[in-house]
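Remarks on the structure that follows.
The values are calculated or read from the model by the stated rules, or taken from the named source; none is laboratory data. Quick caveat, the model's predicted, so the values are computed rather than measured. Here the Cβ positions follow ideal geometry from the backbone for every residue, glycine too, while neighbour counts run over all protein chains shown.
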Amino acid sequence: MIAEIQHYAGGLGVAASAMAIGAGWVVAIASPNCSFDKLDGSRADRHVRELLHATAVPIAGIMLAAMAFFAIATSWAATVTAALAAFGFFSTRLMLAPKEGKNPKGVRTSRKDQRAVSVSLSLMFMLIAVIAGILGLIGI
């Protein structure tokens, strides 16, 4: 009975990892390509930043669910890797936090650089989510 539950939990963990990978791919690759094709540069940049900011928590939550399933399945390496991916996806939200107040005189911030770093973080932690899914599939 316990072995059967662990087996199903491992499969659900792999499925949750796959959902997070797919959502991350849509947010980091597909949507920016469409946005920059159809909108002017500043609107596309703002759209991508808002999309990354809005989807970071749900994707991190999906990876936390994968982490829980991997823990039930006693796939400890996959559990730790999924937790790292969840933290990484959440860190993209922190990178794109809305600006509060005005900058001091002479200080400039580049929102485009924040978007570029955020997309890069999403892609890096998508790779970690892939590794978590593979580790969970193997059962490590």
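Exactly one residue out of Met67, Met126 is out of contact with any Gly (no Cβ under 7 Å at 6 or more places or on another chain), of a type in the set (A, V, I, L, M) and in a helix (DSSP H, G or I), and it is Met67.
Restricting the stretch 39-68 to residues that are crowded, with 19+ Cβ neighbours inside 10 Å and of a type in the set (Val, Ile, Thr) leaves a set whose member that is nearest to Tyr8 (Cα to Cα) is Ile62.
Taking into account only those residues within the stretch 75-112 that are part of a loop (DSSP other than H, G, I, E, B) and among the small types (Gly, Ala, Ser), which is farthest from Pro58 (Cα to Cα)? Before the answer, list the steps.
Of the stretch 75-112, the ones part of a loop (DSSP other than H, G, I, E, B) are 75, 96-110.
Pick out the ones that are also among the small types (Gly, Ala, Ser) and you get 75, 97, 101, 106, 110.
Details: Ser75: 23, Ala97: 16, Gly101: 27, Gly106: 37, Ser110: 26 Å.
Within the stretch 75-112, the match that is farthest from Pro58 (Cα to Cα) is Gly106.
Quick check, is Ala15 within 21 Å of Gly133 (Cβ to Cβ), of a type outside the set (Lys, Arg), crowded, with 19+ Cβ neighbours inside 10 Å and at pLDDT 95 or above? Here the answer is no, as Ala15 does not meet what is asked.
Hey, among Lys112, Lys105, which residue is more than 14 Å from Ala18 (Cβ to Cβ), basic (Lys, Arg) and without any contact (Cβ under 8 Å) to a residue 40 or more places away in the chain? Among Lys112, Lys105, only Lys105 is more than 14 Å from Ala18 (Cβ to Cβ), basic (Lys, Arg) and without any contact (Cβ under 8 Å) to a residue 40 or more places away in the chain. For Phe36, indicate whether it is buried (at least 23 other Cβ atoms within 10 Å of the Cβ), more than 11 Å from the chain's Cα centre (by Cα) and either at positive phi or among the aromatic types (Phe, Trp, Tyr) (or both). Spelling it out, it is not the case that Phe36 is buried (at least 23 other Cβ atoms within 10 Å of the Cβ), more than 11 Å from the chain's Cα centre (by Cα) and either at positive phi or among the aromatic types (Phe, Trp, Tyr) (or both). In the stretch 47-61, the residues that are touching a residue at least 12 places away in the same chain (Cβ under 8 Å) and closer than 12 Å to Leu96 by Cβ reach residues that are of a type in the set (D, E, K, R) and assigned to a helix (DSSP H, G or I) with C-beta atoms within less than 8 angstrom, at least six apart or across chains, in these pairs: Val48/Arg115; Arg49/Arg111; Arg49/Arg115; Leu52/Arg93; Leu52/Arg115; His53/Arg93; Ala56/Arg93; Val57/Arg93. Closer than 19 Å to Gly139 by Cα and exposed (fewer than 13 other Cβ atoms within 10 Å of the Cβ) - does that describe any residue in the stretch 79-99? No: the stretch 79-99 contains no residue that is closer than 19 Å to Gly139 by Cα and exposed (fewer than 13 other Cβ atoms within 10 Å of the Cβ).
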